[in-house]
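Remarks on the structure that follows.
The values are calculated or read from the model by the stated rules, or taken from the named source; none is laboratory data. Please read all numbers here as calculations on a predicted model, not as lab measurements. Neighbour counts are summed over all protein chains in view; Cβ atoms, including those assigned to glycine, are modelled from backbone coordinates with ideal geometry. Ligands, DNA and RNA are stripped out before the accessible areas are found, and what is left, the full protein with its side chains, is counted by its heavy atoms. Shrake-Rupley method; radii C 1.70, N 1.55, O 1.52, S 1.80 Å.
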Amino acid sequence: VILNASGCLDALTAPEVARELDAFVSKTIMLAPREGNPPPRIAETDAGMLNSIGLPGPGIDVFVADHLPVLERLGVPLWVSVGGFSADEYGEICARLDEQVGVAALELNLSCPNVEGAPETAAEIVAACRAVTAKPLYAKLSAAQPDLAAAALAVRAAGADGLSLINTMRGLALDEGSLRPRLGRAPGGYSGAGLRPIALAAVFICYRATGGTMPIVGMGGIESGRHALEFVAAGASAVALGTVLFADPGAPSRVREELAAELAAHGLERLEQARGLAHAESVPTTAPASRPPGCQLP
Amino acid sequence: MARRELLKVVASEAVGPYTLLRVRRGGLRPGVPGQFFMLKTPARPLPRPMSLCLAPPRELAFLIDPVGPGTRALCALAPGDQLSVFGPLGNGFRTDVEHPLLVGGGIGIAPLPYASEVMGRPPAILGFRTTWQAEAAALVPGAEVCVEPALVTDLLPEEPHDLLVCGPEPMLAAVRRLHPEAQLAWEAPMACGYGACYGCAVEIDGRLERLCIKGPVINGREPRGVTLAGDGVSTRRRSRAAGTAAPAGAETPRCSDLENPSRGERR
């Protein structure tokens with residue numbers, strides 16, 4: 001149930017970290033090779049960090065030819081994050097990956113704040129991908145969506161199997177002295193602890209909107225087992241670690257142990273029992289013993 | 001193999017304007033000179049890359065210039081405090097050279113005391129902006145020292161040497177012009193130090209590469225040498241406005257501070 005957030009781990013340079021995950025999610029793969037954005041690309045803030053990496057990558061051809069064979073040998077399920085500048089590009093990449101037996105799932109990056117997106121809606125992109133692959137499709141949405149619940153329902157209707165929530169939010173940091181932007185491209189994607197309540201709300205809203213019918217990978221500032229438990233309670237079926245991996249490459253196994261302890265502390269045997277608990281009808285702490293179950297409000 | 005451990009601070013000593021932070025070594029290896037460690041305090045979200053300055057018995061020591069919130073938090077640590085230390089990381093200096101000469105500028109001297117120790121005290125030339133900073137030269141036995149307006153490039157000997165260099169980018173660029181084969185330790189803002197964040201990209205041979213993986217020491221003998229964007233004055237120039245220090249490759253203490261841009265004021 002513990003994945004990495006796309007772009008926060010390179011399994012080629014740190015395979016030992018990737019092996020601690022239940023699935024490894026690749027950096028977003030685009031059609032053509034990309035250098036990424038000019039430096040400086042990262043800046044720390046008081047409660048997280050900003051990045052403007054800009055999706056550097058080898059492009060789908062090199063990824064399939066050179067990276068995939070190595071990633072397949074990791075021994076953990078492989079998810080590939082897919083990006084594009086049009087629905088056609090997303091579809092083309094998904095079609096290529098559909099042929100790859102080593103790819104367990106596809107996550108559509110519909111929400112990178114550092115790269116110009118496709119003109120089509122998220123649902124249109126999902127539909128284009130659905131048409132060419134039978135692999136599980138996860139739509140990675142941004143909490144900046146004006147109506148996240150509607151977006152979740154739209155991508156579900158278009159054929160998405162699951163949701164990945166959330167991507168970074170656009171943020172800005174200025175230099176102490178010069179008061180000029182600290183990143184080469186000025187605004188960047190904000191991640192880390194400061195993002196956590198926003199991400200938790202997104203998971204909560206989408207779980208409620210979809211009635212718990214879609215698997216949700218929750219991410220955004222998760223640093224501990226307690227955080228992971230909260231995302232599951234809000235509706236996530238799995239969690240992904242992002243910024244915490246930079247400071248703590250041992251986070252996957254640590255969070256896994258902490259999560260197990262949290263579940264036990266709550267008297268839960270399995271993670272699935274925790275899913276959606278935040279949506280349960282409120283239970284008075286001193287529940288009147290006399291009230292029969294049938295009297296509970298709907 | 002890099003490891004990450006929680007280690008206790010043994011001492012925090014003032015060295016001119018800098019702080020020599022000495023921590024227990026735990027199960028970590030010191031690595032080779034020029035390699036770096038990610039140091040994280042609970043006070044900040046991200047660790048900071050620092051090259052190893054000295055490896056006293058059972059200790060690791062880092063020279064830190066308090067230029068931003070991350071480095072200030074590290075300098076504020078007191079004996080007994082804990083911090084997370086992850087390393088050694090990156091590619092260090094080749095020390096099996098025939099006629100070694102250590103060259104450092106400002107806080108960029110950070111990796112040279114350890115290099116000096118490992119290499120049997122080779123000759124060294126260190127440059128600083130101020131005499132206060134120059135107090136740090138005492139960490140490198142027998143070093144020749146200059147203070148601006150004198151520059152290290154004025155002191156480089158005519159005879160051929162194998163240069164191991166760490167300092168501000170203008171200094172690295174100037175040294176490279178005179179000694180294209182010098183081993184240069186560069187620096188870039190870095191969130192992870194192990195290739196995960198892609199934050200430390202610099203232009204090497206016309207391509208953006210992660211400095212934590214390709215560096216921080218880059219051998220001038222590489223096919224076409226290092227071409228940081230803007231020819232020697234990297235695109236990271238803003239972040240390094242203060243040159244004094246040195247960016248030692250990703251690691252350098254100071255600058256690597258993610259906040260370093262502000263160093264302009266120290267110029």
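With the requirement that a residue be under 12 Å from the mean Cα position of the chain (by Cα), over 15 Å from B:ALA188 (Cα atoms) and open to solvent by 10 Å² or more (accessible area, probe 1.4 Å), what does segment B:161-176 give you?
none
Considering A:ARG19, A:ARG34, which residue is touching a residue at least 12 places away in the same chain (Cβ under 8 Å), over 28 Å from A:VAL255 (Cβ atoms) and more than 7 Å from chain B (Cβ to nearest Cβ)?
A:ARG34
Can you give me the number of residues within segment A:188-238 that are more than 23 Å from A:ASN114 (Cα to Cα), outside any loop (DSSP other than H, G, I, E, B) and of a type in the set (A, V, I, L, M, F, W, C)?
Looking only at that region, the number is 12.
Among the residues of segment A:175-194, how many are closer than 21 Å to B:ARG44 by Cβ, surrounded by 18 or more Cβ atoms within 10 Å (Cβ to Cβ), within 11 Å of chain B (Cβ to nearest Cβ) and not basic (Lys, Arg)?
8
Exactly one condition in (1) over 14 Å from A:LEU277 (Cα atoms); (2) surrounded by fewer than 24 Cβ atoms within 10 Å (Cβ to Cβ) is not met by A:GLY212; state its number.
Only one criterion in (1) over 14 Å from A:LEU277 (Cα atoms); (2) surrounded by fewer than 24 Cβ atoms within 10 Å (Cβ to Cβ) is unmet by A:GLY212, namely (1).
Quick one: is A:LEU12 open to solvent by less than 50 Å² (accessible area, probe 1.4 Å) and either among the hydrophobic types (A, V, I, L, M, F, W, C) or farther than 30 Å from A:LEU259 by Cβ (or both)?
For A:LEU12, the condition - open to solvent by less than 50 Å² (accessible area, probe 1.4 Å) and either among the hydrophobic types (A, V, I, L, M, F, W, C) or farther than 30 Å from A:LEU259 by Cβ (or both) - is not met.
Within segment B:204-230, track down each residue that is closer than 24 Å to A:SER26 by Cβ and either touching a strand residue (DSSP E or B) at 6+ places or on another chain (Cβ under 9 Å) or modelled with pLDDT of 90 or more (or both).
Passing the criteria: B:ILE204, B:LEU208, B:GLU209, B:ARG210, B:LEU211, B:CYS212, B:ILE213, B:LYS214.
Could you grab me the full set of residues in segment B:45-69 that are in a loop (DSSP other than H, G, I, E, B) and either more than 11 Å from chain A (Cβ to nearest Cβ) or surrounded by fewer than 24 Cβ atoms within 10 Å (Cβ to Cβ) (or both)?
B:LEU52, B:CYS53, B:ALA55, B:PRO56, B:PRO57, B:ARG58, B:ASP65, B:PRO66, B:GLY68 - these are the residues of segment B:45-69 that are in a loop (DSSP other than H, G, I, E, B) and either more than 11 Å from chain A (Cβ to nearest Cβ) or surrounded by fewer than 24 Cβ atoms within 10 Å (Cβ to Cβ) (or both).
So, in segment A:117-164, exactly how many residues are assigned to a loop (DSSP other than H, G, I, E, B) and either in contact with a Cys (Cβ under 8 Å, 6 or more places away or on another chain) or not polar (S, T, N, Q) (or both)?
Here the count works out to 18.
Condition test on A:GLY211, is it touching a Ser or Thr at 6+ places or on another chain (Cβ under 8 Å) and modelled with pLDDT of 95 or more?
For A:GLY211, the condition - touching a Ser or Thr at 6+ places or on another chain (Cβ under 8 Å) and modelled with pLDDT of 95 or more - is not met.
Taking only segment A:78-104 into account, find how many residues are touching a Gly at 6+ places or on another chain (Cβ under 9 Å) and surrounded by fewer than 16 Cβ atoms within 10 Å (Cβ to Cβ).
1
Looking only at segment B:177-213, filter to residues that are assigned to a loop (DSSP other than H, G, I, E, B) and more than 9 Å from chain A (Cβ to nearest Cβ); which one of those is surrounded by the fewest Cβ atoms within 10 Å (Cβ to Cβ)?
My answer is B:GLY206.
All but one of (1) touching a residue at least 40 places away in the same chain (Cβ under 8 Å); (2) buried (at least 20 other Cβ atoms within 10 Å of the Cβ) hold for A:LEU172, so report the exception by its number.
The one condition A:LEU172 does not meet is (2).
If I ask for residues that are under 20 Å from B:LEU52 (Cβ atoms) and either without any contact (Cβ under 8 Å) to a residue 12 or more places away in the chain or among the aromatic types (Phe, Trp, Tyr) (or both), which ones from segment B:95-136 would you list?
Hits for segment B:95-136 are B:ASP96, B:TYR114, B:GLY120.
Can you tell me which residue among A:ILE42, A:ILE93, A:ILE53, A:ILE2 is away from every other protein chain (no Cβ under 14 Å), under 21 Å from the mean Cα position of the chain (by Cα) and either under 30 Å from A:VAL232 (Cα atoms) or free of Cβ contacts under 8 Å to residues at least 12 places away in the same chain (or both)?
It is A:ILE2.
Checking B:ARG72 against (1) within 14 Å of another protein chain (Cβ to nearest Cβ); (2) without any contact (Cβ under 8 Å) to a residue 24 or more places away in the chain; (3) more than 30 Å from A:TYR190 (Cβ to Cβ): exactly one of these is not met. Which one?
(3)
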